[in-house]
1. Scanning the stretch 49-78 for residues that are surrounded by 24 or more Cβ atoms within 10 Å (Cβ to Cβ) and small (Gly, Ala, Ser), which turns out nearest to the chain's Cα centre (by Cα)?
2. Are any of the residues in the stretch 143-162 without any contact (Cβ under 8 Å) to a residue 12 or more places away in the chain, outside any helix (DSSP H, G or I) and either within 22 Å of Ser77 (Cβ to Cβ) or under 11 Å from the mean Cα position of the chain (by Cα) (or both)?
3. When you go through (1) in contact with a strand residue (DSSP E or B) (Cβ under 9 Å, 6 or more places away or on another chain); (2) farther than 17 Å from Thr91 by Cα; (3) at pLDDT below 95 one by one for Trp127, which number turns out not to apply?
4. Could you run through the stretch 119-139 and say how many residues are farther than 19 Å from Lys105 by Cα and either buried (at least 18 other Cβ atoms within 10 Å of the Cβ) or of a type in the set (Phe, Trp, Tyr) (or both)?
5. Within the stretch 154-173, can you find the residues that are out of contact with any strand residue (DSSP E or B) (no Cβ under 8 Å at 6 or more places or on another chain), within 22 Å of Arg98 (Cβ to Cβ) and surrounded by 14 or more Cβ atoms within 10 Å (Cβ to Cβ)?
6. Take the residues in the stretch 63-105 that are in contact (Cβ under 8 Å) with a residue 60 or more places away in the chain and aliphatic (A, V, I, L, M), then tell me which one is farthest from Trp146 (Cα to Cα).
7. Can you name every residue in the stretch 67-81 that is in a strand (DSSP E or B), more than 25 Å from Ser55 (Cβ to Cβ) and not aliphatic (A, V, I, L, M)?
8. Taking Ala167 as meeting all but one of (1) within 13 Å of the chain's Cα centre (by Cα); (2) more than 19 Å from Cys54 (Cβ to Cβ), write down the number of the exception.
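The values are calculated or read from the model by the stated rules, or taken from the named source; none is laboratory data. All figures in this text were calculated on a predicted structure; none of them were measured in a lab. Reconstructed Cβ throughout: ideal geometry from the backbone, glycine too, with neighbour counts over all protein chains shown.
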Amino acid sequence: MLATTIFKAFSPAISGYTCNCVPTDLTLVRFCTHHIQRSHPVLKEIIIYTDGACSGNPGPGGWAALLRHGEHQKVVSGGERMTTNNRMELTAALEALRALKQPCKVSLHTDSAYLHNAFTQGWLDKWQRNGWKTSSKKPVENKDLWEALLNVSERHDVSWVKVKGHADDEMNNLVDEVAVAAMEEYKM
């Protein structure tokens, strides 16, 4: 009842309001110029650590991600026979976000400046505005993974956290070990 009352109080202020859907519970309602979208009242908070590894660059590679929610955790990993370290770093983040079954508030920790800076320093926005070209007019490498990452990250509230690689961070060291082990499976 309360949610319905709140909804009706705000609905006249929505330009072009045509939706007949009225929330019957206390879900939050986000207003946008195109539509009204119901969202979860509280997003699960997930901590993710990711890492990629490569023997040779290019060469066999592995990736790993640790997903943690409260006391629960899950490790996912994989690899490729011929890849680059950057592709493995991006794949780790991509597969970690794909593993989430619903929208979440995510704190994604990475030791990859390439991954971190693309999201936090506006690189992705610039690349897209420039038709997926770098400032030196060269095609952006790993465009397929960047597009997939953009797509899957839109579903979540992601904070990108840079950690120092091969240092004191226990979780980063763990995903590094798992990524290296995954890479070993792809060595000839």
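1. Step one: filter the stretch 49-78 for residues surrounded by 24 or more Cβ atoms within 10 Å (Cβ to Cβ), giving 49-54, 61-65.
Now drop any that are not small (Gly, Ala, Ser), which leaves 52-53, 61-62, 64-65.
Numbers: Gly52: 15, Ala53: 19, Gly61: 20, Gly62: 18, Ala64: 14, Ala65: 11 Å.
Top of the filtered list is Ala65.
2. yes
3. (3)
4. Of the residues in the stretch 119-139, the ones farther than 19 Å from Lys105 by Cα are 121-139.
Now drop any that are not either buried (at least 18 other Cβ atoms within 10 Å of the Cβ) or of a type in the set (Phe, Trp, Tyr) (or both), which leaves 123-124, 127, 132.
Number of matching residues: 4.
5. The initial filter retains those residues of the stretch 154-173 that are out of contact with any strand residue (DSSP E or B) (no Cβ under 8 Å at 6 or more places or on another chain), namely 154-155, 164, 166-168, 170, 173.
With within 22 Å of Arg98 (Cβ to Cβ) added as a condition, the list becomes 154-155.
The one that is out of contact with any strand residue (DSSP E or B) (no Cβ under 8 Å at 6 or more places or on another chain), within 22 Å of Arg98 (Cβ to Cβ) and surrounded by 14 or more Cβ atoms within 10 Å (Cβ to Cβ): Arg155.
6. It comes out as Val75.
7. Matches in the stretch 67-81: Arg68, His69, His72, Gln73, Lys74.
8. Evaluating Ala167 over (1) within 13 Å of the chain's Cα centre (by Cα); (2) more than 19 Å from Cys54 (Cβ to Cβ) leaves (1) as the failure.
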